[in-house]
1. Would you kindly derive the ³J(HN,Hα) couplings of the range 197-210 from the backbone phi angles with the Karplus curve 6.51 cos²θ - 1.76 cosθ + 1.60 (θ = phi - 60°), listing them in order in whole Hz, with x for Gly and Pro?
2. Using just the Cα positions, wrap the range 154-212 in a convex hull and report its mean projected area in square nanometres, one decimal place.
3. Once amide H atoms are placed 1.01 Å from N in the peptide plane, what residues at a sequence separation of 5 or more from Leu66, or on another chain, have their amide H within under 5 Å of its amide H?
4. Testing the spin-label approximation: label points 7 Å from Cα along Cα→Cβ at Arg24 and Glu95. State their distance in nm.
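Please treat every number below as a calculation from the coordinates, not as lab data. Quantities reported herein were computed from a predicted structural model and do not represent experimental measurements. Reconstructed Cβ throughout: ideal geometry from the backbone, glycine too, with neighbour counts over all protein chains shown.
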Amino acid sequence: MILRPLIIVVLVLGILSPASLSLRFELRSGHTKCISEDIQSNSMTVGKYHVVNPNQDHPLPDSHKLTVKVTSPQGNSYHTAEKVETGQFAFTATEEGGYMACFWADDRSPEITVTVDFDWRTGVQAKDWSNVAKKGQVEGMELELKKLYDMATSIHDEMFYLRAREEAMQELNQATTSKMFWLSFLSLFLCLSVAGLQFWHLKTFFEKKKLI
């Protein structure tokens with residue numbers, strides 16, 4: 001009976017905690033592929049990438065090298081690598097919003113396709129727990145408790161972050177609604193003014209012609 005609440009807590013934390021982004025994609029030569037990740041300010045993020053060798057029995061050809069760049073929402077560069085087959089980056093976000101990792105393969109003739117493995121972790125998922133265990137000399141259960149505590153803290157911060165974004169969106173919606181109201185009022189006023197001028201013009205015209 002005691003384990004059931006603990007299992008429920010672990011499941012909830014596992015669902016709500018920031019998930020890592022791990023994927024494999026194909027990139028044609030002469031093309032760019034960008035991947036975006038929404039990151040909070042002061043959050044740790046790490047990423048690793050490597051080109052999959054199409055022929056394991058031979059070294060990776062130069063034609064399969066990549067150019068990689070990671071930028072912040074404001075366009076600041078956090079990582080740049082040219083003509084590489086593997087690499088990694090790690091930094092603490094100073095801006096909140098969508099960070100972009102872009103991969104570029106040089107143009108080739110004939111066209112080739114490069115397969116890339118990319119793993120991007122943020123928040124609690126970005127922490128190296130093996131080093132934490134070695135440095136702190138903690139037992140397995142204590143390490144799991146540290147993970148749960150950090151996840152709970154991350155979820156708490158994420159909830160406040162989402163609440164702040166929700167309030168910002170509500171303020172934006174209210175401001176937009178107010179602007180639309182005044183714009184509609186102005187449009188109605190202009191329409192009525194134009195209709196009134198047309199009516200006055202027609203009345204004056206018919207009076208001159210002595211039709212009315």
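1. 5, 5, 4, 5, 5, 5, 4, 5, 4, 5, 5, 5, 7, 6
2. For the range 154-212, averaging the hull's shadow over all directions gives 4.3 nm².
3. Lys83, Val84, Glu85
4. 3.4 nm
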